[in-house]
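**Q** Have a look at the structure that comes next, please.
The values are calculated or read from the model by the stated rules, or taken from the named source; none is laboratory data. For clarity, every value in this text was computed on a predicted model and none was experimentally measured. Virtual Cβ from ideal backbone geometry, glycine too; neighbours counted across all protein chains shown. The area values use the complete protein model at the heavy-atom level, side chains included, leaving out ligands, DNA and RNA. Shrake-Rupley method; radii C 1.70, N 1.55, O 1.52, S 1.80 Å.
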Amino acid sequence: MRITVLAGGVGASRFLRGLQAAAPDAEITVVGNTGDDITLHGLRVCPDLDTVMYTLGGGINESQGWGRTGETFSIRDELAAYAAGPDWFTLGDRDFATHIVRTQLLNDGHPLSAVTEVLCQRWQPGVRLLPMSDDQIETHVLIDEGDGRRYVHFQEWWVRMHAAVPAQTIVAAGAGEARPAPGVLEAIADADVVLFPPSNPVVSVGTILAVPGIREAVAAKTTVAVSPIIGGAPVRGMADACLTAIGVETSAVAVGAHYGAGLINGWLVDDQDKEAATDPALAGIEVRVLPLYMRDLAATAEIARAALDLAAELSS
Ligand code: FO1
């Protein structure tokens, strides 16, 4: 079975581990969000690609959900001694090696998709990991702190400001001129099922869908999505701040309707949101109700299995 997953970072990576457990023989292609990417100290950092790669490759800092396990921070501390670069984005020594290798290869002219393939040769994540595009796309957030409006990089809004300053607008800068990376449209077209894990529907899945051609490709497929919102709150992260920015209520019904029947065919919601199953806002979308907390691998595999079962039901 060929499965293609549009993935952000932490939530997607945990879901992917469950998907691998639920469908060990499946060929899984992950189309990763690159809108979180940022250049720091002259190095290109790709948080969502790295989180998928490290999580499935066994190198992730499990409690954080990002960065490497067993980290040390000598470089960070030395940089701080020079007052060089932002102190609000913590990069560990091991993580720096990834960004150095990536930046070297990018500077040698290799596209991000080829670079990601090289990095994955070390990590062997067990999935094909493709960036959504080889063209540079960055999520920027328009804020107004009282002294006028300005755009900040998503990471500064997310990490330094904890998304506490309201986002007036969230843009995927560069998306309009970008092309899907090689293999992305084929991975979607050739898939038996396309899945949206419980990633941020705005700055992760939404950003991937903003790359010209990807939304249309997904719309043509049997697609099942997993709600990242349970009981009116994001399971993790601050998707509520992002949803508010685009005028979408933070609820399983609203997010399902936001994706829409034209894009998704199935929508998994938690028991706490069982009323979604009969909500007219989700007409045309097949809703399934089940426990959605990915509390451990077995629970996550159950969720992944339910998504695959619903997709099979909808494809038949
Ligand atoms: N998230 C934080 O909240 N604080 C950090 O200092 C931080 C550093 C960091 C370094 C590398 C990396 O790959 C991810 C990192 N993240 C950090 C997570 C990052 O902000 C992710 O993009 C978000 O979690 C959204 O996916």
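**Q** Shape of region 163-212 from its Cα gyration tensor (a ≥ b ≥ c, root eigenvalues): rounded if a/c is under 1.5, otherwise prolate when a/b > b/c, or oblate? Spell out each step's value before the answer.
**A** Working: a/c = 4.35, a/b = 1.62, b/c = 2.69.
Because a/c hits 1.5 or more and a/b fails to exceed b/c, region 163-212 counts as oblate.
**Q** So if I take the alpha carbon set of region 125-276, get Rg, then get Rh from the Kirkwood formula, what is the Rg over Rh ratio?
**A** Values: Rg = 16.0 Å, Rh = 16.4 Å.
That ratio is 0.98, to two decimals.
**Q** Leaving out ligands, DNA and RNA, and with a 1.4 Å probe, what % of the accessible surface on the chain is carbon or sulfur? Numbers along the way, then the final one.
**A** Values: 6660 of 13160 Å².
It is 51 percent, rounded to a whole number.
**Q** From the phi of every residue in region 64-78, what ³J(HN,Hα) in whole Hz does the Karplus formula 6.51 cos²θ - 1.76 cosθ + 1.60 yield, where θ is phi - 60° and glycine or proline is x?
**A** 6, x, 9, x, 8, 6, x, 6, 10, 10, 5, 5, 4, 5, 5
**Q** Put +1 on the Cβ of every Lys and Arg and -1 on every Asp and Glu Cβ in region 93-229; which of HIS162, ALA181, VAL141 then has its Cα farthest towards the positive end of the dipole?
**A** HIS162
**Q** At 222 nm, what value in deg cm²/dmol follows for the chain if DSSP H runs of at least 4 each add -39500 (n - 2.57) and the sum is divided by all its residues, to the nearest 500? Walk me through the numbers on the way to the answer.
**A** Values: 11 runs with 110 residues, N = 316.
Per the formula, -10000 deg cm²/dmol.
**Q** Moving to a separate point now. Which whole-number value in Å² is the accessible area per residue of region 167-316, probe 1.4 Å?
**A** Values: 6000 Å² over 150 residues.
On a per-residue basis, region 167-316 sits at 40 Å².
**Q** Further, regarding this structure: What is the Cα centroid distance between region 281-303 and region 128-190, reported in whole angstrom?
**A** Their Cα centres are 27 Å away from one another.
**Q** Just how many % of Cα pairs in the chain lie over 30 Å apart, if you round to the nearest whole percent? Display every interim value, and only then the final one.
**A** On the way: 14737 of 49770 pairs.
Tail of the P(r) past 30 Å holds 30 percent of the pairs.
**Q** Out of all DSSP beta bridges in the chain, what portion is antiparallel? Express it as a percent rounded to 5. Before the final figure, lay out each step's value.
**A** Values: 17 of 40 bridges.
Taking every DSSP beta bridge within the chain, about 45 percent pair in antiparallel fashion.
**Q** In whole Hz, with x marking every Gly and Pro, tabulate ³J(HN,Hα) for region 79-91 from phi via Karplus 6.51 cos²θ - 1.76 cosθ + 1.60, θ = phi - 60°.
**A** So the J values, rounded to whole Hz, are 4, 4, 4, 8, 6, 9, x, x, 9, 8, 10, 7, 10.
**Q** Given +1 on the Cβ of Lys and Arg, -1 on the Cβ of Asp and Glu, and no further charges, what dipole in debye does the chain carry about its Cα centre, rounded to the nearest 20?
**A** 240 debye
**Q** Hey, can you rank 80-86, 44-50, 301-307 by average C-beta count inside 10 Å, highest first? List each step's numbers first, then the result.
**A** Numbers: 80-86: 10.9, 44-50: 25.0, 301-307: 22.0.
Ranked by mean Cβ neighbours within 10 Å, highest first: 44-50, 301-307, 80-86.
**Q** Scan around LEU40 for amide H atoms under 5 Å from its own, H built in the peptide plane at 1.01 Å from N, and keep only partners 5 or more places away or cross-chain.
**A** Amide H neighbours of LEU40, under 5 Å, 5+ apart: VAL45.
**Q** ASP135's amide H: which non-local residues (gap 5+, or another chain) put their own amide H closer than 5 Å, with H modeled 1.01 Å from N in plane and none for Pro or chain starts?
**A** Residues meeting the amide H criterion: ARG179.
**Q** OK, next. Which net charge results when you count Lys and Arg as +1 and Asp and Glu as -1 among the other residues whose beta-carbon is under 15 Å from that of ALA307? Please report the intermediate quantities before stating the final value.
**A** Details: positive: ARG2, ARG14, ARG17, LYS221, ARG288, ARG305; negative: ASP192, ASP270, GLU286, GLU302, ASP309, GLU313.
Summing Lys and Arg as +1 and Asp and Glu as -1 gives 0.
**Q** A follow-up question, please. For region 244-316, just say rounded, prolate or oblate: build the C-alpha gyration tensor, square-root its eigenvalues into a ≥ b ≥ c, call rounded for a/c under 1.5, and beyond that prolate if a/b exceeds b/c, oblate if not. List each step's numbers first, then the result.
**A** Values: a/c = 1.92, a/b = 1.26, b/c = 1.52.
Because a/c hits 1.5 or more and a/b fails to exceed b/c, region 244-316 counts as oblate.
**Q** Can you tell me which of 246-255, 18-27 comes out highest on packing, and rank the rest after it, using the mean Cβ neighbours within 10 Å?
**A** Result, highest mean first: 246-255, 18-27.
**Q** Choose one of VAL31, MET53, VAL194: the residue whose Cα lies farthest towards the positive end of the charge dipole of the chain (beta-carbon charges +1 Lys, Arg; -1 Asp, Glu; about the Cα centre).
**A** Projecting each Cα onto the dipole axis, the largest value belongs to MET53.
**Q** Let me ask you something else. If you take the square roots of the eigenvalues of the alpha-carbon gyration tensor of region 193-305 and sort them as a ≥ b ≥ c, do you get rounded (a/c under 1.5), prolate (a/b over b/c) or oblate?
**A** Working: a/c = 1.29, a/b = 1.18, b/c = 1.09.
It is rounded, given that a/c, with a ≥ b ≥ c, falls under 1.5.
**Q** Note down the Stokes-Einstein diffusion coefficient of region 71-147 in µm²/s, whole number, using a Kirkwood radius over alpha carbon pairs, 10 °C, and 1.306 mPa s. All intermediate terms of the calculation are to be shown ahead of the outcome.
**A** On the way: Rh = 15.1 Å.
Rounded, D is 105 µm²/s.
**Q** 5 Å is the cut-off here: which amide hydrogens, built 1.01 Å from N in the peptide plane, fall below it relative to ALA163, excluding neighbours closer than 5 in sequence?
**A** TRP158
**Q** Quick one: which of 289-295, 197-203, 152-158 comes out on top by average Cβ neighbours within 10 Å, and what's the full order, highest first?
**A** Values: 289-295: 17.1, 197-203: 28.0, 152-158: 21.4.
For the peptides 289-295, 197-203, 152-158, the packing ranking is 197-203, 152-158, 289-295.
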